[in-house]
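Accompanying notes for the structure given below.
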Amino acid sequence: MKNLYNIREAKEVYFNEIFNIQKSTYKDFAETNEAVKSRLDISVKTCFVARVKNEIVGYLLSHPWKVNLIPALNTVLDSIPLNTDCLYMHDLAIFKKNRKAGIGEALIKKGIDCAIRLGFIRINLIAINDYAKNFYKTLGFKAKRITHKDSITDLFAYGESAEYMQLDL
Ligand SMILES: CC(C)(COP(=O)(O)OP(=O)(O)OC[C@H]1O[C@@H](n2cnc3c(N)ncnc32)[C@H](O)[C@@H]1OP(=O)(O)O)[C@@H](O)C(=O)NCCC(=O)NCCS
């Protein structure tokens, strides 16, 4: 019962809690609040939070995007590009104390439902380490090679183990 959770759409009242989870999760890859907020601002309806009792313990930030295009890390996104063809999952994070209770998977499933509802046929993301790669593989994502040199440079900003992945819906 400790981790009895529910998943809900993100909204402004949760933004500070999202920033706190982000800061407590990432050291090398922590983004500014402005960069995180810009993802919420451009597409809040595709972002979700997990709540345990009265506390927000995790989030999924995603937005429509273009396949094979890597959004630069820690930058403010002003808008969604024209002709989007994927839902891009920018970040998924759960407070350490609440992990391994199915919350990460539940958030991804909510994102998958949302992508299908919006008519997307794929979801893309970057897994930053081996644990994340395996986690996403279990959920059906596959590694996807990217070839454009600018995108490769942007991918390496996420760390040398970063891998671009795709789930075909
Ligand atoms: C990756 C991350 C989001 C996963 O979140 P999570 O809530 O722990 O995910 P889940 O609980 O759905 O699944 C994690 C594991 O717990 C297991 N699990 C799920 N429910 C469980 C339960 N009730 N009892 C025991 N284990 C359980 C899952 O099978 C899975 O096992 P695995 O590690 O062998 O794959 C989390 O580890 C995290 O926030 N990491 C730091 C940020 C990060 O790296 N994000 C990804 C960026 S690419």
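Where a number appears in this text, it was derived from the coordinates with a stated rule and is not lab data. For clarity, every value in this text was computed on a predicted model and none was experimentally measured. Methodologically, a virtual Cβ is constructed for each residue, glycine included, from the backbone with ideal geometry; neighbour enumeration extends over all protein chains shown.
Quick one: 3J(HN,Hα) in Hz for the range 58-66, Karplus 6.51/-1.76/1.60 with θ = phi - 60°, rounded, Gly and Pro as x.
x, 8, 10, 9, 9, 7, x, 7, 10
Could you please report the charge total around Lys144, scoring K, R as +1 and D, E as -1 over all other residues with beta-carbon less than 11 angstrom from its beta-carbon?
The answer is +1.
As a test of the formula, what do you get for the chain when each DSSP H run with n ≥ 4 contributes -39,500 (n - 2.57) and the sum is divided by the residue count, at 222 nm and rounded to the nearest 500 deg cm²/dmol?
Value at 222 nm, helices only: -9500 deg cm²/dmol.
Could you please tell me the mean projected area of the C-alpha convex hull for the range 5-124, averaged over all directions and given in square nanometres to one decimal?
Averaged projected area of the range 5-124's Cα convex hull equals 7.1 nm².
Given points 7 Å out from each Cα along the Cα-Cβ axis, report the Asn20 to Lys45 separation in nanometres with one decimal.
Using points 7 Å along Cα→Cβ, the separation is 2.9 nm.
Stretched out fully, how many nm does the piece from Ile152 to Arg122 gain, at 0.36 nm a residue minus the Cα gap?
Answer, rounded to one decimal: 8.8 nm.
In whole Å, what is the distance between the alpha-carbon centres of the range 74-100 and the range 102-169?
Measuring centre to centre over Cα atoms gives 10 Å.
How many nm separate the modelled label positions at Asp85 and Asn134, each set 7 Å beyond the Cα in the direction of the Cβ?
Between Asp85 and Asn134, the label points sit 3.4 nm apart.
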